[in-house]
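Input: a single structure, listed below in structure tokens.
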Amino acid sequence: MAKHETKDKKVTVVGAGLVGTLEACFLAKRGYQVHLYEYRPDIRTLEHVPGRSINLAMSVRGRTGLKAVGLEDHVIKNHGIPMHSRMIHNTDGTTRAIPYNKDGQCIYSVGRRFVNEVLLNRAEEFPNLTIHFSHKLTSCRLQDGQASFLNTETGEEVNRKADVLIGCDGAYSNVRRAMMRQPFFNYNQTYIPHGYMELCIPATPEGEFVMPANYLHIWPRGQFMMIALPNQDCSWTVTLFMPFPIFESLTTQDQLLSFFQTNYPDAISLIGRDRLVKDFFANRALPMISVKCSPYHVGSTALLMGDAAHAMVPFYGQGMNCGMEDCVVLDELLEEYSDDLATVLPAYSAKRSPDAQAIVDLALYNYIEMRDLVNSRKFLFRKKLDDL
Ligand code: FAD
């Protein structure tokens, strides 16, 4: 197949999160003229970045994506904390480790902000890649790659036409919303009746981990669970997952402490009684959504990637990993079809959508595995999604 020139092709990527920034790097590396638009200001200039999960589990899918743009070593070797096993915390305070596999393979705990900043730094190294922060996509015309943005600092409207518009604008994607008006675009979203809240186990006064570091700690409790992933500063990000009615029933300090005393007694001293009360009532439980759709493309001019295409509940630890794998798969198809976008985009939908939908389902199943069946694997295949 004849090679299609990339240097004159313009791409607009919407969303400079983990997937959009990586995809922008992949395309810039192939020679495209890339413009990356992000709603938020540059997170590298912010003291506090609001948003989801402070840290994430990175697996081989994510690492492969980072490796292709020369960042795997920087993120994994210099920053990632290996987690070789799950550490199960029982209500009587005892713990036991369950390795992920026999070969010592592991996943890595990485900071969301760190990974996003490293990707932005890399993106800025490409002369053919421009990042526009504080630009919110307000509308788009998918058939001709046209997008309009509001510059949230100046109030100015910015219009950009590209050969292809790629929506990496997350679970509540505006690009996907535009796609929903296309004939034969199928879409399904599901909220689970459980929410999540992040808490923190601090480092010791000496600046060390209070629990063994190289584990993903899990407190499985049947209908709900708590997990903790290690951070670089020796603190732990703790995530409490449970049905919203349970969150809503804990309205006083006594109710909260009694709930923890019954279900997570060891966590009270790990988090600290006062901090637990302060953080729990300062936070609110957030919802979790699954999204399935297909196809991911419109003609040769628009494409969805990352959570915009396949948001999933976080229990399989694969949302970011799968989104980074999207970038690898698209790159392979661009290579295979010599950057012929009219061939590549439909091929991407056909290849990627069934795989991503399977991972969305696995993520739901893994909630049952983690919160319940980590203790009794024999039930794994008996339970149904209805149990959620
Ligand atoms: P996002 O990270 O949502 O980025 C989208 C970007 O688009 C954002 O920067 C946003 O500001 C921007 N944007 C949105 N709308 C607009 C607009 N209109 N105009 C311009 N820009 C816009 N995944 C894992 O692999 N491992 C884990 O351990 C893991 N843990 C998780 C824990 C929790 C509690 C949650 C909620 C998720 C977890 N995930 C995990 C999933 C992971 O967070 C997502 O899959 C990942 O962030 C998806 O990246 P993305 O770039 O597609 O979307």
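The values are calculated or read from the model by the stated rules, or taken from the named source; none is laboratory data. Quantities reported herein were computed from a predicted structural model and do not represent experimental measurements. Glycine gets a Cβ as well: all are built from the backbone with ideal geometry, and neighbour counts include every protein chain shown. Accessible surface areas use protein heavy atoms only, side chains included; no ligands, DNA or RNA. Shrake-Rupley method; radii C 1.70, N 1.55, O 1.52, S 1.80 Å.
Below are the figures for this structure:
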| item | result |
| --- | --- |
| Within the range 76-90, tally of residues that are under 16 Å from residue 228 (Cβ atoms), in contact (Cβ under 8 Å) with a residue 40 or more places away in the chain and either of a type outside the set (Gly, Ala, Ser) or in a loop (DSSP other than H, G, I, E, B) (or both) | 8 |
| Some residue of the range 91-109 being in a helix (DSSP H, G or I) and closer than 21 Å to residue 326 by Cα | no |
| Residue in the range 120-129 that is assigned to a strand (DSSP E or B) and either open to solvent by less than 60 Å² (accessible area, probe 1.4 Å) or of a type outside the set (Asp, Glu) (or both) present | yes |
| Test result for residue 72, of a type outside the set (S, T, N, Q), within 18 Å of residue 36 (Cβ to Cβ) and without any contact (Cβ under 8 Å) to a residue 40 or more places away in the chain | no |
| Among (1) touching a strand residue (DSSP E or B) at 6+ places or on another chain (Cβ under 8 Å); (2) among the hydroxyl-bearing types (Ser, Thr, Tyr); (3) over 30 Å from residue 13 (Cα atoms), the one test that residue 108 misses | (3) |
| Residue in the range 162-207 that is nearest to residue 27 (Cα to Cα), counting only those that are in a strand (DSSP E or B) and among the aromatic types (Phe, Trp, Tyr) | 187 |
| Output for the range 159-184, where each listed residue is crowded, with 17+ Cβ neighbours inside 10 Å and either more than 9 Å from the ligand (Cβ to nearest atom) or within 15 Å of residue 349 (Cβ to Cβ) (or both) | 160, 162, 163, 164, 165, 166, 167, 175, 176, 178, 179 |
| Scope the range 290-321; condition open to solvent by 10 Å² or more (accessible area, probe 1.4 Å), within 16 Å of the ligand (Cβ to nearest atom) and either out of contact with any helix residue (DSSP H, G or I) (no Cβ under 9 Å at 6 or more places or on another chain) or in a loop (DSSP other than H, G, I, E, B) (or both); matching residues | 312, 317, 318 |
| The one condition in (1) in a helix (DSSP H, G or I); (2) free of Cβ contacts under 8 Å to residues at least 40 places away in the same chain that residue 26 fails to fulfil | (2) |
| Residue check for residue 52: among the basic types (Lys, Arg), open to solvent by 20 Å² or more (accessible area, probe 1.4 Å), near the ligand (Cβ under 8 Å from one of its atoms) and at pLDDT 95 or above | no |
| Single condition residue 142 does not satisfy, out of (1) open to solvent by 60 Å² or more (accessible area, probe 1.4 Å); (2) modelled with pLDDT of 95 or more; (3) more than 12 Å from the ligand (Cβ to nearest atom) | (1) |
| Residues that are assigned to a strand (DSSP E or B) and more than 28 Å from residue 101 (Cβ to Cβ), drawn from the range 208-251 | 242, 243 |
| Meets criteria (in contact (Cβ under 8 Å) with a residue 60 or more places away in the chain, surrounded by fewer than 23 Cβ atoms within 10 Å (Cβ to Cβ), at positive phi and in contact with a Leu (Cβ under 9 Å, 6 or more places away or on another chain)) for residue 272 | no |
| Any pair with Cβ under 6 angstrom, 6 or more apart, that starts in the range 29-49 at a residue that is open to solvent by 30 Å² or more (accessible area, probe 1.4 Å) and ends at one that is at pLDDT below 95 | 30/6 |
| Pair list, Cβ under 7 Å, 6 or more apart: the range 238-256 residue open to solvent by 60 Å² or more (accessible area, probe 1.4 Å), other residue away from the ligand (no atom under 14 Å from the Cβ) and among the aliphatic types (A, V, I, L, M) | 253/277 |
